[in-house]
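A.B. asks: Structure in structure tokens, see below.
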Amino acid sequence: MESVSRISSDTWRTATWSVPLIFQLVMTLFLSTTWAAGKWVLDGATFRTTMSAGAATSTVIALVISIVLLKDRSPRWRGVGLAVAGSAAAVLIGWMVAAFWIYE
């Protein structure tokens with residue numbers, strides 16, 4: 001895998017242009033896993049616990065997808081992989097701030 005400084009400009013261009021769409025998909029994954037965890041797995045758990053489980057699950061799923069995409073030879077797929085990884089990080093960090101600062 002390339003280091004960050006050696007990633008081609010085509011890869012960065014694709015990552016930049018695909019982030020708005022990819023972020024929406026990762027947020028949908030986050031909300032879906034949170035709903036499923038609250039409905040079937042963590043029935044009766046607190047709001048913070050349910051949302052944290054959804055954030056962790058969706059981040060792991062998104063990072064696995066990102067690793068697969070980053071191993072591809074095509075700069076476009078690597079760019080999408082970077083967008084998925086960045087979106088997963090944004091969702092996880094955003095929820096951690098919300099869970100432990102806003103929902104005390």
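A.B. asks: Say whether the condition of being out of contact with any Phe, Trp or Tyr (no Cβ under 7 Å at 6 or more places or on another chain), in contact (Cβ under 8 Å) with a residue 12 or more places away in the chain and outside any helix (DSSP H, G or I) is met by at least one residue in the range 3-24.
C.D. replies: Checking the range 3-24: at least one residue is out of contact with any Phe, Trp or Tyr (no Cβ under 7 Å at 6 or more places or on another chain), in contact (Cβ under 8 Å) with a residue 12 or more places away in the chain and outside any helix (DSSP H, G or I).
A.B. asks: Taking the range 49-104 as the search range and keeping residues that are part of a helix (DSSP H, G or I) and among the charged types (D, E, K, R), which one is farthest from ALA36 (Cα to Cα)?
C.D. replies: Looking at the filtered set, the residue picked out is ARG76.
A.B. asks: So ARG78 passes all but one of these: (1) buried (at least 21 other Cβ atoms within 10 Å of the Cβ); (2) charged (D, E, K, R); (3) more than 22 Å from ASP10 (Cα to Cα). Which condition number does it fail?
C.D. replies: Evaluating ARG78 over (1) buried (at least 21 other Cβ atoms within 10 Å of the Cβ); (2) charged (D, E, K, R); (3) more than 22 Å from ASP10 (Cα to Cα) leaves (3) as the failure.
A.B. asks: In this structure, is GLY44 outside any helix (DSSP H, G or I) and not aliphatic (A, V, I, L, M)? Give the steps one after another, and end with the answer.
C.D. replies: Values: outside any helix (DSSP H, G or I): yes; not aliphatic (A, V, I, L, M): yes.
In short, yes.
A.B. asks: Of everything in the range 30-41 that's of a type outside the set (S, T, N, Q) and either in contact with a Gly (Cβ under 9 Å, 6 or more places away or on another chain) or not in a helix (DSSP H, G or I) (or both), which residue is surrounded by the most Cβ atoms within 10 Å (Cβ to Cβ)?
C.D. replies: Ranking the candidates gives PHE30 first.
Readers should treat all values here as calculations from the given coordinates under stated rules, not as data from a laboratory. Remember, predicted model here, so these are calculated numbers, not experimental data. Virtual Cβ from ideal backbone geometry, glycine too; neighbours counted across all protein chains shown.
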